[in-house]
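What follows is a set of notes on a single structure, which appears directly below.
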Amino acid sequence: MDLSALQFGAWPLGLANALALAALAWAGAGVRWRELEHGALNAWMGACVLDLALWLLRAGLLPGLSFHLLGGALFALLMGPRLALLALAAVQAALAAGGHADWRALGLNWLLTALPAVGVAASALALARRFLPPHFFVYVFVNGFLAAGASLFAAALCGMAALAAAGAYPWETLLDDAVPYYFLLSWSEAFTTGLLLAVLIVYKPQWVATFDDGRYLGDKPGNR
């Protein structure tokens, strides 16, 4: 999504910016910054740069509707939901600083993309831990693949709902012209997230905060 301030009134933008700042303050206050490992922190910053590049590789259909990989689920699995929300805020702020996003609509874009994407990924992880067996395949396929695709599609639906509510586009146009593209893009998000997550678990498991060797791999000889 690349929502523009011109598509919304002044009070929705102001309210969205206030809510986004409050949510980011909550996220930042809950991070134990002094306990973060230097390697994990460097990985966090590197992931932000990589995600920024993915956001720049985008195509536009209509004003406010852009298609790009999101990275919300990958961030949520790598660093937890709070740091993921902060990372996506940093990415969007960098886009605005480079002239690729509207400063006035940053709060609205963050609320309608980062928040639902991270929320879906974090909820899927919690549900998988409670109801599914603790298996490596479950973690990668359900959380890294399926939840990632669902997170992007959820964020797209939230953005389209906001555009329809603001009167920017009729629902028929969004359903016919945008939904099929976002559905296809969600599979790219799923594949990319699942692949990167599997590679990181193999080579840099310490960077994946939500992955526990003891839980997902058990007492295999290589993990003792």
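The values are calculated or read from the model by the stated rules, or taken from the named source; none is laboratory data. Because the structure is predicted, anything quoted here is derived from the model rather than measured. Surface areas here come from the heavy atoms of the whole protein model, side chains and all, with no ligands, DNA or RNA. Shrake-Rupley method; radii C 1.70, N 1.55, O 1.52, S 1.80 Å.
Observations on the structure shown:
- V31 long-range amide H proximity, modeled H, under 5 Å: none
- For q = 0.24, 0.26, 0.27 Å⁻¹, Debye-computed log10 I/I(0) when each Cα of the stretch 133-190 counts as one equal scatterer: -0.87, -0.95, -0.99
- The Cα atoms of the chain define a convex hull whose projected area, averaged across directions, is 12.5 nm².
- Cα coordinate range in the stretch 69-150, projected on the principal axes (Å, largest first): 45, 19, 16
- Phi to ³J(HN,Hα) by Karplus 6.51 cos²θ - 1.76 cosθ + 1.60 over the stretch 163-174, Hz, x for Gly, Pro: 5, 5, 5, 7, x, 5, 9, x, 4, 4, 5, 5
- With Cα atoms, 0 to 90° folded angle of helix 72-97 axis to the chain main axis: 40
- For the stretch 15-56, the convex hull drawn through the C-alpha positions has a volume of 69 cubic angstrom per residue.
- 0 to 90° range, to nearest 10: angle between helix 179-203 axis and the chain longest Cα axis: 30
- When the chain is treated as a Gaussian network with alpha carbon springs shorter than 10 Å, the biggest mean-square fluctuation among F137, F67, F75 belongs to F137.
- Fraction of accessible area attributable to carbon and sulfur, the chain (%, probe 1.4 Å): 69
- In sequence order, calculated HN-Hα J values of the stretch 26-32 (Karplus, 6.51, -1.76, 1.60; Hz; x Gly/Pro): 4, 5, x, 5, x, 8, 8
- Distant-in-sequence amide H partners of L65 (H built 1.01 Å from N, under 5 Å): D2
- For the stretch 117-224, the Cα gyration tensor yields ellipsoid semi-axes of 35, 13, 10 Å (square root of five times each eigenvalue, largest first, whole Å).
- Normalised contact order of the chain, rounded percent, pairs of Cα under 8 Å and 6 or more residues apart: 26
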